[in-house]
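Everything below concerns the one structure shown next.
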Amino acid sequence: MELAMKYLPVGIIIASSLMNPIPVLATTNDAQMVAFFPIESEVCPTGWSEYKPAKGYLIRGTDNTSLIGAQKGDAIHDAQAPLHQHKLDDTLPLRRIGNNIFGGPHQRITTIEVSVNGSTSHSDGAMPYVQYLTCQEDKPAVHEPSLSIFLPKNTVQWFTGGACPTGWALYEPLIGGSGRTALPLPRDAVATAAAAIVDGGNSQNHEHNLFFNMPDKEHNIKLMVNSTDDSYFINIFKKTDFAQAAIPQIERLSAKGIRSDIKAGSPDVLIPYTYLRPCQKTSDTINISELPAGMGTFTKSFACPSGLYNVASAAGRFPVGLPPRNAGDPDPLSGTAFGAAALKSEQRPTHLHTVDIPVALSAWGIDTTTFLPTNRFKGLSPGASKLEGETDTTSMTFPYVQLKFCKVPE
(Lines give C-alpha, C1' and ligand atoms only; values in the text may rest on other atoms or scores of the structure.)
Protein backbone atom coordinates (compact mmCIF):
# COMPACT_ATOMS: atom_id res chain seq x y z
CA MET A 1 0.00 0.00 0.00
CA GLU A 2 2.87 2.39 0.86
CA LEU A 3 4.48 1.73 -2.55
CA ALA A 4 1.19 2.37 -4.30
CA MET A 5 0.74 5.64 -2.49
CA LYS A 6 4.31 6.63 -3.32
CA TYR A 7 3.63 6.60 -7.03
CA LEU A 8 0.16 8.15 -7.03
CA PRO A 9 -0.13 11.62 -8.60
CA VAL A 10 0.23 14.44 -6.05
CA GLY A 11 -3.34 15.69 -6.54
CA ILE A 12 -4.78 12.27 -5.71
CA ILE A 13 -2.66 12.02 -2.55
CA ILE A 14 -3.90 15.44 -1.36
CA ALA A 15 -7.53 14.55 -2.11
CA SER A 16 -7.14 11.25 -0.27
CA SER A 17 -5.67 12.96 2.79
CA LEU A 18 -8.55 15.45 2.88
CA MET A 19 -11.11 12.62 2.81
CA ASN A 20 -9.25 10.65 5.48
CA PRO A 21 -7.28 13.22 7.47
CA ILE A 22 -4.59 11.92 9.79
CA PRO A 23 -4.91 13.74 13.13
CA VAL A 24 -1.84 15.58 14.34
CA LEU A 25 -1.59 14.63 18.00
CA ALA A 26 0.24 16.67 20.60
CA THR A 27 3.12 14.74 22.17
CA THR A 28 5.50 15.05 25.08
CA ASN A 29 7.78 16.96 22.73
CA ASP A 30 5.24 19.82 22.72
CA ALA A 31 5.43 20.32 26.49
CA GLN A 32 6.90 23.65 27.55
CA MET A 33 7.55 24.45 31.19
CA VAL A 34 5.86 27.47 32.79
CA ALA A 35 7.27 28.83 36.05
CA PHE A 36 6.76 31.68 38.49
CA PHE A 37 9.84 33.81 39.06
CA PRO A 38 9.73 35.18 42.63
CA ILE A 39 12.37 37.81 41.93
CA GLU A 40 12.32 41.58 41.54
CA SER A 41 12.35 41.54 37.77
CA GLU A 42 9.82 42.15 35.02
CA VAL A 43 11.99 40.50 32.35
CA CYS A 44 12.20 36.75 31.77
CA PRO A 45 15.67 35.18 31.56
CA THR A 46 17.33 34.32 28.28
CA GLY A 47 15.58 31.35 26.68
CA TRP A 48 12.27 32.20 28.32
CA SER A 49 9.29 34.38 27.36
CA GLU A 50 6.55 35.85 29.52
CA TYR A 51 3.54 33.52 29.62
CA LYS A 52 0.81 36.02 28.75
CA PRO A 53 -2.30 33.87 29.45
CA ALA A 54 -1.34 34.01 33.16
CA LYS A 55 -1.02 37.81 33.36
CA GLY A 56 -3.44 38.70 36.16
CA TYR A 57 -4.73 35.12 36.49
CA LEU A 58 -4.37 32.21 38.90
CA ILE A 59 -3.33 28.89 37.34
CA ARG A 60 -5.70 25.93 37.55
CA GLY A 61 -4.82 22.35 36.64
CA THR A 62 -6.29 20.41 33.72
CA ASP A 63 -5.46 17.42 31.52
CA ASN A 64 -7.63 18.75 28.71
CA THR A 65 -5.23 20.09 26.08
CA SER A 66 -7.95 22.25 24.52
CA LEU A 67 -8.32 24.19 27.80
CA ILE A 68 -4.64 25.03 28.26
CA GLY A 69 -4.17 28.78 28.03
CA ALA A 70 -7.90 29.49 28.18
CA GLN A 71 -8.75 32.42 30.46
CA LYS A 72 -11.82 32.55 32.67
CA GLY A 73 -12.94 35.90 34.04
CA ASP A 74 -11.31 39.32 33.98
CA ALA A 75 -7.66 39.82 34.89
CA ILE A 76 -6.69 41.00 38.35
CA HIS A 77 -5.24 44.51 38.33
CA ASP A 78 -1.85 45.36 39.79
CA ALA A 79 -1.86 44.51 43.53
CA GLN A 80 -5.67 44.75 43.66
CA ALA A 81 -7.59 41.82 45.09
CA PRO A 82 -10.75 41.09 43.09
CA LEU A 83 -13.88 42.23 44.93
CA HIS A 84 -17.46 41.02 44.76
CA GLN A 85 -20.85 41.91 46.17
CA HIS A 86 -24.38 40.49 46.23
CA LYS A 87 -27.65 41.92 44.98
CA LEU A 88 -30.67 42.13 47.27
CA ASP A 89 -33.98 42.46 45.47
CA ASP A 90 -36.92 41.31 47.55
CA THR A 91 -40.18 42.24 49.21
CA LEU A 92 -40.24 41.91 52.98
CA PRO A 93 -43.42 41.56 55.02
CA LEU A 94 -44.01 44.02 57.87
CA ARG A 95 -45.95 43.34 61.04
CA ARG A 96 -49.22 45.28 61.52
CA ILE A 97 -49.46 46.78 64.98
CA GLY A 98 -52.53 48.29 66.64
CA ASN A 99 -51.72 51.30 68.83
CA ASN A 100 -53.65 53.22 71.44
CA ILE A 101 -53.21 56.83 70.33
CA PHE A 102 -53.65 58.08 73.90
CA GLY A 103 -50.83 55.87 75.17
CA GLY A 104 -47.94 58.19 74.37
CA PRO A 105 -45.02 57.03 72.13
CA HIS A 106 -45.96 54.18 69.82
CA GLN A 107 -44.48 52.07 67.07
CA ARG A 108 -46.16 52.88 63.80
CA ILE A 109 -45.91 49.71 61.66
CA THR A 110 -49.15 49.26 59.82
CA THR A 111 -48.18 48.84 56.18
CA ILE A 112 -48.01 45.30 54.76
CA GLU A 113 -44.64 45.11 52.98
CA VAL A 114 -41.56 46.99 51.91
CA SER A 115 -39.49 46.64 48.74
CA VAL A 116 -35.71 46.26 49.04
CA ASN A 117 -33.45 46.86 46.06
CA GLY A 118 -29.70 47.30 46.41
CA SER A 119 -26.37 45.57 46.96
CA THR A 120 -24.22 44.51 49.89
CA SER A 121 -20.81 45.95 50.60
CA HIS A 122 -17.79 44.72 48.63
CA SER A 123 -15.55 41.89 49.87
CA ASP A 124 -12.30 40.27 48.74
CA GLY A 125 -13.51 36.98 50.23
CA ALA A 126 -10.58 37.03 52.71
CA MET A 127 -8.35 35.74 49.89
CA PRO A 128 -4.58 36.47 49.93
CA TYR A 129 -2.50 36.82 46.74
CA VAL A 130 1.06 37.38 45.57
CA GLN A 131 1.92 38.38 42.00
CA TYR A 132 4.92 36.94 40.17
CA LEU A 133 6.52 37.26 36.78
CA THR A 134 5.42 34.11 34.94
CA CYS A 135 7.62 32.78 32.16
CA GLN A 136 7.47 29.95 29.64
CA GLU A 137 10.56 28.12 28.51
CA ASP A 138 11.19 28.62 24.80
CA LYS A 139 11.13 25.50 22.66
CA PRO A 140 14.57 23.89 22.84
CA ALA A 141 16.61 23.46 19.70
CA VAL A 142 16.44 20.10 17.94
CA HIS A 143 18.03 17.37 20.05
CA GLU A 144 18.30 19.77 23.03
CA PRO A 145 16.42 18.77 26.21
CA SER A 146 14.00 20.92 28.18
CA LEU A 147 15.48 22.34 31.36
CA SER A 148 12.76 20.49 33.24
CA ILE A 149 14.96 17.37 33.18
CA PHE A 150 17.28 19.06 35.70
CA LEU A 151 14.65 19.66 38.39
CA PRO A 152 14.63 17.36 41.46
CA LYS A 153 12.42 14.29 41.71
CA ASN A 154 8.91 15.02 43.12
CA THR A 155 8.96 18.53 41.72
CA VAL A 156 5.51 19.71 40.59
CA GLN A 157 5.47 22.14 37.69
CA TRP A 158 3.07 23.63 35.14
CA PHE A 159 3.34 22.78 31.41
CA THR A 160 1.73 23.63 28.11
CA GLY A 161 1.49 21.04 25.32
CA GLY A 162 -0.31 17.78 24.80
CA ALA A 163 1.19 15.69 27.59
CA CYS A 164 3.74 15.77 30.40
CA PRO A 165 7.34 15.65 29.13
CA THR A 166 9.51 12.55 29.32
CA GLY A 167 10.47 11.82 32.92
CA TRP A 168 7.31 13.44 34.24
CA ALA A 169 3.80 12.17 35.06
CA LEU A 170 0.46 13.90 35.45
CA TYR A 171 -0.02 15.23 38.99
CA GLU A 172 -3.60 14.11 39.64
CA PRO A 173 -4.43 16.21 42.75
CA LEU A 174 -4.19 19.44 40.77
CA ILE A 175 -6.68 18.31 38.13
CA GLY A 176 -9.25 16.83 40.51
CA GLY A 177 -12.38 18.73 41.51
CA SER A 178 -12.57 20.57 38.15
CA GLY A 179 -9.00 21.76 38.63
CA ARG A 180 -7.10 23.12 41.62
CA THR A 181 -4.29 25.62 42.01
CA ALA A 182 -1.00 25.23 43.88
CA LEU A 183 -0.85 27.20 47.13
CA PRO A 184 2.63 27.69 48.62
CA LEU A 185 2.71 25.69 51.85
CA PRO A 186 1.58 27.92 54.77
CA ARG A 187 4.11 28.68 57.47
CA ASP A 188 2.26 26.82 60.23
CA ALA A 189 1.96 23.57 58.22
CA VAL A 190 3.37 20.36 59.64
CA ALA A 191 4.95 17.57 57.58
CA THR A 192 1.68 15.66 57.16
CA ALA A 193 0.06 18.77 55.65
CA ALA A 194 2.38 18.82 52.63
CA ALA A 195 0.38 18.09 49.47
CA ALA A 196 -2.92 18.36 51.38
CA ILE A 197 -5.99 18.99 49.21
CA VAL A 198 -8.41 21.77 50.18
CA ASP A 199 -11.59 22.18 48.18
CA GLY A 200 -13.68 25.31 48.37
CA GLY A 201 -17.07 23.96 47.43
CA ASN A 202 -19.13 26.37 45.35
CA SER A 203 -16.43 29.02 45.66
CA GLN A 204 -17.46 31.23 42.77
CA ASN A 205 -21.25 31.14 42.82
CA HIS A 206 -21.83 31.38 46.55
CA GLU A 207 -24.73 33.06 48.33
CA HIS A 208 -25.24 34.42 51.83
CA ASN A 209 -28.04 33.79 54.29
CA LEU A 210 -29.86 36.93 55.37
CA PHE A 211 -31.47 36.78 58.80
CA PHE A 212 -34.00 39.43 59.76
CA ASN A 213 -34.72 39.93 63.49
CA MET A 214 -33.62 36.46 64.57
CA PRO A 215 -32.19 36.81 68.08
CA ASP A 216 -30.38 33.45 67.95
CA LYS A 217 -28.35 34.44 64.88
CA GLU A 218 -25.02 36.21 65.17
CA HIS A 219 -25.60 38.33 62.07
CA ASN A 220 -28.90 40.10 61.66
CA ILE A 221 -30.37 42.75 59.40
CA LYS A 222 -32.90 45.27 60.67
CA LEU A 223 -35.09 47.86 59.05
CA MET A 224 -34.18 51.26 60.44
CA VAL A 225 -37.05 53.73 60.06
CA ASN A 226 -36.72 57.49 60.03
CA SER A 227 -37.74 58.94 63.38
CA THR A 228 -40.72 61.30 63.57
CA ASP A 229 -41.87 63.54 66.39
CA ASP A 230 -45.34 64.89 65.65
CA SER A 231 -48.35 65.87 67.73
CA TYR A 232 -51.98 65.31 66.79
CA PHE A 233 -55.18 67.13 67.52
CA ILE A 234 -56.46 64.19 69.54
CA ASN A 235 -53.20 63.86 71.48
CA ILE A 236 -51.88 67.43 71.76
CA PHE A 237 -49.91 66.91 74.98
CA LYS A 238 -47.95 63.84 73.88
CA LYS A 239 -45.36 63.21 71.22
CA THR A 240 -45.35 60.09 69.07
CA ASP A 241 -41.96 58.65 68.11
CA PHE A 242 -42.12 56.07 65.29
CA ALA A 243 -38.42 55.17 65.04
CA GLN A 244 -38.72 51.38 65.22
CA ALA A 245 -39.83 49.02 62.48
CA ALA A 246 -41.04 45.49 62.95
CA ILE A 247 -40.13 42.84 60.38
CA PRO A 248 -41.16 39.29 61.28
CA GLN A 249 -38.36 36.80 61.90
CA ILE A 250 -37.61 35.65 58.36
CA GLU A 251 -34.70 34.19 56.43
CA ARG A 252 -33.69 34.96 52.85
CA LEU A 253 -30.81 34.22 50.46
CA SER A 254 -28.82 36.88 48.70
CA ALA A 255 -28.25 36.67 44.97
CA LYS A 256 -25.03 35.01 43.76
CA GLY A 257 -21.89 37.11 43.94
CA ILE A 258 -20.74 39.30 41.05
CA ARG A 259 -17.30 40.85 40.45
CA SER A 260 -17.51 44.47 41.56
CA ASP A 261 -14.03 46.03 41.64
CA ILE A 262 -14.02 46.58 37.88
CA LYS A 263 -16.48 46.67 35.03
CA ALA A 264 -16.22 42.95 34.40
CA GLY A 265 -17.02 41.19 31.15
CA SER A 266 -17.58 37.98 33.12
CA PRO A 267 -18.98 39.24 36.43
CA ASP A 268 -19.86 35.74 37.67
CA VAL A 269 -16.16 34.70 37.75
CA LEU A 270 -15.05 36.16 41.07
CA ILE A 271 -11.45 34.87 40.95
CA PRO A 272 -9.99 34.77 37.41
CA TYR A 273 -7.92 31.79 36.31
CA THR A 274 -6.24 30.13 33.35
CA TYR A 275 -5.44 26.44 32.75
CA LEU A 276 -2.15 24.55 32.54
CA ARG A 277 -1.16 20.89 32.86
CA PRO A 278 0.37 19.96 36.24
CA CYS A 279 3.15 17.34 36.12
CA GLN A 280 5.38 15.74 38.73
CA LYS A 281 9.00 14.74 38.15
CA THR A 282 9.52 10.97 38.24
CA SER A 283 13.11 10.67 37.02
CA ASP A 284 16.17 11.07 39.21
CA THR A 285 18.19 13.34 36.90
CA ILE A 286 19.09 16.60 38.64
CA ASN A 287 21.38 19.56 37.99
CA ILE A 288 20.27 22.75 39.72
CA SER A 289 23.10 24.76 38.16
CA GLU A 290 21.52 24.33 34.71
CA LEU A 291 18.31 26.10 35.82
CA PRO A 292 17.80 29.87 35.45
CA ALA A 293 18.54 31.93 38.55
CA GLY A 294 15.48 32.77 40.63
CA MET A 295 13.14 30.28 38.96
CA GLY A 296 10.35 29.09 41.26
CA THR A 297 9.12 25.53 41.53
CA PHE A 298 6.80 23.46 43.71
CA THR A 299 7.56 20.21 45.48
CA LYS A 300 5.43 17.60 47.24
CA SER A 301 8.06 17.41 49.99
CA PHE A 302 7.77 19.27 53.29
CA ALA A 303 11.15 20.95 52.77
CA CYS A 304 12.84 22.32 49.68
CA PRO A 305 15.18 19.88 47.91
CA SER A 306 18.91 20.38 48.31
CA GLY A 307 20.10 23.34 46.24
CA LEU A 308 16.73 25.14 46.28
CA TYR A 309 15.55 27.77 48.77
CA ASN A 310 12.18 28.37 50.42
CA VAL A 311 10.20 31.43 49.30
CA ALA A 312 8.88 32.44 52.73
CA SER A 313 6.99 35.52 51.50
CA ALA A 314 4.75 33.33 49.30
CA ALA A 315 3.58 31.00 52.09
CA GLY A 316 -0.22 30.80 52.24
CA ARG A 317 -0.80 33.17 49.29
CA PHE A 318 -2.29 32.34 45.89
CA PRO A 319 0.27 33.05 43.12
CA VAL A 320 -1.01 35.25 40.30
CA GLY A 321 0.78 35.96 37.03
CA LEU A 322 2.22 39.48 37.00
CA PRO A 323 -0.75 41.64 35.87
CA PRO A 324 -0.65 43.77 32.74
CA ARG A 325 0.33 47.42 33.10
CA ASN A 326 -2.47 49.93 32.81
CA ALA A 327 -1.79 53.10 30.84
CA GLY A 328 -0.45 55.84 33.09
CA ASP A 329 0.34 53.46 35.97
CA PRO A 330 3.79 52.27 37.08
CA ASP A 331 4.99 48.81 36.09
CA PRO A 332 3.60 46.04 38.34
CA LEU A 333 6.25 44.63 40.68
CA SER A 334 6.93 40.91 40.85
CA GLY A 335 6.68 39.66 44.43
CA THR A 336 4.01 42.12 45.61
CA ALA A 337 1.67 40.58 48.19
CA PHE A 338 -1.89 41.91 48.49
CA GLY A 339 -5.38 40.99 49.61
CA ALA A 340 -6.08 39.39 52.98
CA ALA A 341 -3.67 37.87 55.50
CA ALA A 342 -1.88 34.70 54.41
CA LEU A 343 -3.82 31.47 54.91
CA LYS A 344 -3.02 29.01 57.65
CA SER A 345 -2.60 25.35 56.78
CA GLU A 346 -5.70 23.89 55.09
CA GLN A 347 -7.69 27.02 55.90
CA ARG A 348 -10.97 27.80 54.17
CA PRO A 349 -11.35 31.56 54.56
CA THR A 350 -14.80 32.92 55.33
CA HIS A 351 -16.28 36.34 54.80
CA LEU A 352 -19.46 38.32 55.21
CA HIS A 353 -20.90 41.55 53.85
CA THR A 354 -22.46 44.53 55.52
CA VAL A 355 -25.87 45.75 54.37
CA ASP A 356 -26.76 49.44 54.25
CA ILE A 357 -29.51 49.87 51.69
CA PRO A 358 -31.91 52.84 51.52
CA VAL A 359 -35.57 51.83 51.63
CA ALA A 360 -38.40 53.91 50.18
CA LEU A 361 -41.32 54.08 52.63
CA SER A 362 -44.81 55.37 51.97
CA ALA A 363 -46.44 58.42 53.52
CA TRP A 364 -48.75 57.85 56.45
CA GLY A 365 -52.06 58.96 57.86
CA ILE A 366 -54.71 57.95 60.38
CA ASP A 367 -57.04 55.09 59.56
CA THR A 368 -60.46 56.43 60.51
CA THR A 369 -62.21 53.12 60.03
CA THR A 370 -61.30 52.15 63.58
CA PHE A 371 -62.86 54.17 66.38
CA LEU A 372 -61.24 55.37 69.58
CA PRO A 373 -59.60 54.44 71.92
CA THR A 374 -57.63 52.16 69.58
CA ASN A 375 -56.53 53.37 66.18
CA ARG A 376 -54.16 52.32 63.42
CA PHE A 377 -51.61 54.46 61.66
CA LYS A 378 -51.13 53.71 57.99
CA GLY A 379 -47.81 53.43 56.23
CA LEU A 380 -44.28 54.30 57.26
CA SER A 381 -42.57 57.62 57.55
CA PRO A 382 -40.64 58.78 54.45
CA GLY A 383 -37.05 59.85 54.98
CA ALA A 384 -33.72 58.24 55.88
CA SER A 385 -35.04 54.71 56.23
CA LYS A 386 -32.79 51.78 55.38
CA LEU A 387 -31.89 48.14 55.88
CA GLU A 388 -28.80 47.84 58.06
CA GLY A 389 -26.79 44.91 59.39
CA GLU A 390 -24.62 42.01 58.25
CA THR A 391 -25.04 38.87 56.15
CA ASP A 392 -24.15 35.45 57.47
CA THR A 393 -20.62 34.18 56.80
CA THR A 394 -19.66 31.82 53.97
CA SER A 395 -16.54 30.60 52.18
CA MET A 396 -15.38 31.21 48.61
CA THR A 397 -12.08 29.32 48.87
CA PHE A 398 -10.42 28.66 45.52
CA PRO A 399 -9.68 24.88 45.51
CA TYR A 400 -5.99 24.23 46.10
CA VAL A 401 -3.22 21.78 46.92
CA GLN A 402 -0.65 23.13 49.35
CA LEU A 403 2.86 22.49 48.05
CA LYS A 404 6.22 23.79 49.16
CA PHE A 405 7.33 26.69 46.97
CA CYS A 406 11.07 26.93 46.36
CA LYS A 407 13.41 28.82 44.06
CA VAL A 408 16.75 28.43 42.36
CA PRO A 409 19.43 30.62 43.99
CA GLU A 410 19.92 33.99 42.33
Requested in this report: Look at residue 131 and say whether it is buried (at least 23 other Cβ atoms within 10 Å of the Cβ) and within 30 Å of the chain's Cα centre (by Cα).
Outcome: yes
Report task. Show the residue pairs that are 6+ apart or on different chains and have beta-carbon atoms under 8 Å apart, the first residue being within the stretch 212-232 and in a loop (DSSP other than H, G, I, E, B) and modelled with pLDDT of 90 or more, the second being crowded, with 16+ Cβ neighbours inside 10 Å and of a type in the set (Phe, Trp, Tyr). Result -> 217/211; 219/211; 220/211; 220/212
Report task. Select, from 386, 378, the only residue that is of a type in the set (Lys, Arg), within 27 Å of residue 87 (Cα to Cα), modelled with pLDDT under 95 and open to solvent by 30 Å² or more (accessible area, probe 1.4 Å). Result -> 386
**Report entry** Those residues of the stretch 256-311 which are among the small types (Gly, Ala, Ser) and open to solvent by 70 Å² or more (accessible area, probe 1.4 Å), in sequence order
**Finding:** 289, 306
Query raised in the report: Which ones in the stretch 151-207 are under 22 Å from residue 408 (Cβ atoms) and of a type in the set (A, V, I, L, M)?
Result: 151, 156, 174, 182, 183, 185, 194, 195
Requested in this report: Any chance you could count how many residues in the stretch 164-194 are of a type in the set (A, V, I, L, M, F, W, C), open to solvent by less than 30 Å² (accessible area, probe 1.4 Å) and assigned to a loop (DSSP other than H, G, I, E, B)?
Outcome: 4
Query raised in the report: Among the strands (runs of 3 or more DSSP E) contained in the stretch 33-88, which hold 3 or more residues that are aliphatic (A, V, I, L, M)?
Result: 33-37
**Report entry** Tally of residues being under 29 Å from the mean Cα position of the chain (by Cα) and of a type in the set (A, V, I, L, M) across the stretch 248-292
**Finding:** 9
Report task. Identify the residue in the stretch 265-317 that is assigned to a strand (DSSP E or B) and among the β-branched types (Val, Ile, Thr) and, among all such residues, is farthest from residue 406 (Cα to Cα). Result -> 274
Query raised in the report: Counting only residues that are under 17 Å from residue 262 (Cβ atoms) and over 19 Å from the mean Cα position of the chain (by Cα), which one in the stretch 312-335 is least open to solvent (accessible area, probe 1.4 Å)?
Result: 332
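The values are calculated or read from the model by the stated rules, or taken from the named source; none is laboratory data. None of the values given here were measured: they were computed from a predicted structure. Positions of Cβ are backbone-derived with ideal geometry, glycine not excepted, and every protein chain shown enters the neighbour counts. All accessible areas refer to the heavy atoms of the entire protein, side chains included, with ligands and DNA or RNA removed. Shrake-Rupley method; radii C 1.70, N 1.55, O 1.52, S 1.80 Å.
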